[in-house]
Amino acid sequence: TSIGANIEEGISGQSERDFFAKLNIAYKEARETKYWLRLLRDTGYLTQDEAITYLSDCEELLRIFGSIINTMKIKLDIKPTIPNS
């Protein structure tokens, strides 16, 4: 997925700011994934049980990414905000 690809690319980035930028993109991709999972659930392509599992995993990723982003904002002296998950 592009979430994982952005994380991998960020890990091999040339600076912490490069990693920060890629992590922000991964966060946005995870938000989009959450949208698509809800759509698949609401249109019956996923069962409720499948949707609950996938959405829970997606929410956990969003919380992890949000925490790392906020920590990096402080470290890089960027105005801290809490991303909506």
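Table: residues versus (1) touching a residue at least 60 places away in the same chain (Cβ under 8 Å); (2) open to solvent by 40 Å² or more (accessible area, probe 1.4 Å); (3) on the phi > 0 side of the Ramachandran plot.
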| site | (1), (2), (3) |
| --- | --- |
| E8 | no, yes, no |
| G13 | no, no, no |
| R17 | no, yes, no |
| L23 | no, no, no |
| K28 | no, yes, no |
| R31 | no, yes, no |
| L37 | no, no, no |
| L40 | no, yes, no |
| G44 | no, yes, yes |
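In the set T33, T71, T47, only one residue is under 20 Å from G4 (Cβ atoms) and among the hydroxyl-bearing types (S, T, Y); that residue is T33. Those helices (runs of 4 or more DSSP H) of the chain in which 1 or more residues are at pLDDT 95 or above occupy 16-42, 48-75. When Y54 is tested against (1) among the hydroxyl-bearing types (S, T, Y); (2) open to solvent by 90 Å² or more (accessible area, probe 1.4 Å); (3) free of Cβ contacts under 8 Å to residues at least 12 places away in the same chain, only condition (3) is not met.
The values are calculated or read from the model by the stated rules, or taken from the named source; none is laboratory data. Not measured: the values here are computed from a predicted model. Here the Cβ is made from the backbone with ideal geometry for all residues, glycine too, and neighbour counts use every protein chain on show. Side chains included, ligands, DNA and RNA excluded: accessible areas come from the protein's heavy atoms. Shrake-Rupley method; radii C 1.70, N 1.55, O 1.52, S 1.80 Å.
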